[in-house]
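The structure appears below as structure tokens.
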Amino acid sequence: MQNYFFHFLTFFITGLAVNLTPCVYPMLIVTVSLFKPPEGQQHSRLLSSFGKALIYVLGMAVMYSSLGVFAAMTGALFGGILQNKLVVITVAVLMFGLALSMFGVFQLRIPSGLLQKLERLRKIKFFGLFLSGMFVGVFAASCIGPPVLALLTSVADRGDLLFGFMSFFIFSLGLGFPYLILGTFSGLLKKIPKAGSWLMWVEHAFGVILLGFSLYYFVIAVNSEFVKWVPAVTLILGGLYLGFFERSGNEKPLFVRLKWVAGSASLIFGISIIASILTPKASLAWEAYTSDKVVLAATKKQPVVIDFYADWCITCHELENFVFTNPAVIKELKKFVRLRVDATDMMAPAVQEAVEQYRVFGLPMIVFLDENGQEAEDARVAGYLPPAEFLKSLGLVLNEE
């Protein structure tokens, strides 16, 4: 799991950020009031309040961790359906529609009768708090739903149950962190900013991210070669809009300056990605995987690297564009027989055979075999690794020669 630090950090920050949306932020004060101890028990106020807040957050954790496990379990199905371009375009349209909901074009509404029934759960003491935590996403579905659906796609890419559980468990911790702090130390409620038009800016920021996901899947359907441009385009256009054209909170000079800083940072990051793409780079040649090539490499005492990737896998493209173009990585990989399993069609018999043989539970996955054809399990790479960390995995194999 050490390979996924930045992934988990993203999920935690996203959970925190969801609290700043117009559907959730105003609920903080109301919800935290549920954690206050009864009259006459002020001596145990901190412990009682923390306990109630923890039960509420555990309810969140159960719900979202279950979603993560479900997404991981459907990983193969997710990959299988994304080999159909019509389905990919449908996913792109769905993401686009969710983005429009964040811009207020329409609203996702839950039947009022269901909301009233869920509201009654709050009165059932500790069990009610637990259930309220589980269903907080229902109360604020219009704001929580779209980001969660976008995150679910990244978990489905991997198809790893533990990874799916941990991803959304950490997301729930980010979502619940303010409740733990504000519920335990209720005096801090007086110091948090009041709800205002700035919340709309945060919601629009989520909308920009969802537009980026929509663009990603649309490009996958049309021509995956252009996928590397999607992050840069999203950052530049999103930075321009959120930093300089979006008008929420413009009545507050300090917030306007913060928008300028965020927009400028997004622009700079996007431009740096374009500069990196346009900078001429060496590239590696990969051969299509066959078991015969593995046997031949072992006969010649050559180490082997097997890259499992798919066109619809976001992280696979990150590895291709930012790791496999690194000069130091290229130099070391040239010492290997480089084989690639195209798992875009997850249902293909050849792909299934390779996936089962090497116990691949998600994408991207990179397997290393030593000169005797045995896997160097400590070197296996799951997900994205920056070049420096990737080189360490290569060293574990080469040092065995």
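The values are calculated or read from the model by the stated rules, or taken from the named source; none is laboratory data. Note that this is a predicted model, so its numbers are computed, not measured. All Cβ positions, even for glycine, are placed from backbone atoms using ideal geometry, and neighbour counts span all protein chains on display.
Condition check ((1) surrounded by 20 or more Cβ atoms within 10 Å (Cβ to Cβ); (2) outside the structural domain of V87 (by TED's automatic domain parsing); (3) modelled with pLDDT of 75 or more) across all residues:
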site	(1), (2), (3)
V138	no, no, no
L162	no, no, yes
G183	yes, no, yes
S197	no, no, yes
M200	no, no, yes
V227	yes, yes, yes
- Message: Condition first: at pLDDT below 70, part of a loop (DSSP other than H, G, I, E, B) and within 20 Å of L151 (Cβ to Cβ). Now tell me which residues in the range 1-59 satisfy that.
- Response: M1
- Query: Out of curiosity, is L215 modelled with pLDDT of 90 or more and outside the structural domain of G104 (by TED's automatic domain parsing)?
  - Reply: no
- Residue list for the range 340-361, restricted to those being closer than 26 Å to I277 by Cβ and touching an Asp or Glu at 6+ places or on another chain (Cβ under 9 Å): R340, V341, D342, T344
- Message: Just to be sure I understand, how many residues within the range 367-382 are touching a residue at least 24 places away in the same chain (Cβ under 8 Å), in contact with a helix residue (DSSP H, G or I) (Cβ under 8 Å, 6 or more places away or on another chain) and surrounded by 17 or more Cβ atoms within 10 Å (Cβ to Cβ)?
- Response: 6
- Query: Here are some residues: A262, A221, A232. Which one is surrounded by 14 or more Cβ atoms within 10 Å (Cβ to Cβ), modelled with pLDDT under 90 and assigned to a helix (DSSP H, G or I)?
  - Reply: A221
- Go through (1) modelled with pLDDT under 65; (2) in a helix (DSSP H, G or I); (3) surrounded by fewer than 20 Cβ atoms within 10 Å (Cβ to Cβ) and name the single condition L108 misses. (2)
- Message: Can you list residue pairs whose Cβ atoms sit under 6 Å apart, with the first residue in the range 327-339 being in the same structural domain as I366 (by TED's automatic domain parsing) and on the phi < 0 side of the Ramachandran plot and the second being in a strand (DSSP E or B) and surrounded by fewer than 18 Cβ atoms within 10 Å (Cβ to Cβ)? Count only pairs 6 or more apart in sequence or on different chains.
- Response: L339/E287
- Report, ordered by the first and then the second residue, all pairs with beta carbons closer than 7 Å, sequence separation of six or more or different chains, a first member in the range 290-301 that is in the same structural domain as F368 (by TED's automatic domain parsing), and a second member that is surrounded by 11 or more Cβ atoms within 10 Å (Cβ to Cβ) and charged (D, E, K, R). K301/E371
- Determine which single condition L391 fails, assuming it passes every other condition in (1) at pLDDT below 90; (2) part of a helix (DSSP H, G or I). (1)
- For the range 252-272, does any single residue satisfy the condition of being touching a residue at least 40 places away in the same chain (Cβ under 8 Å) and in contact with a Cys (Cβ under 8 Å, 6 or more places away or on another chain)? no
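A quick yes/no check of all residues on (1) hydrophobic (A, V, I, L, M, F, W, C); (2) at pLDDT 90 or above:
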| position | (1), (2) |
| --- | --- |
| V337 | yes, yes |
| T344 | no, no |
| A348 | yes, no |
| F368 | yes, yes |
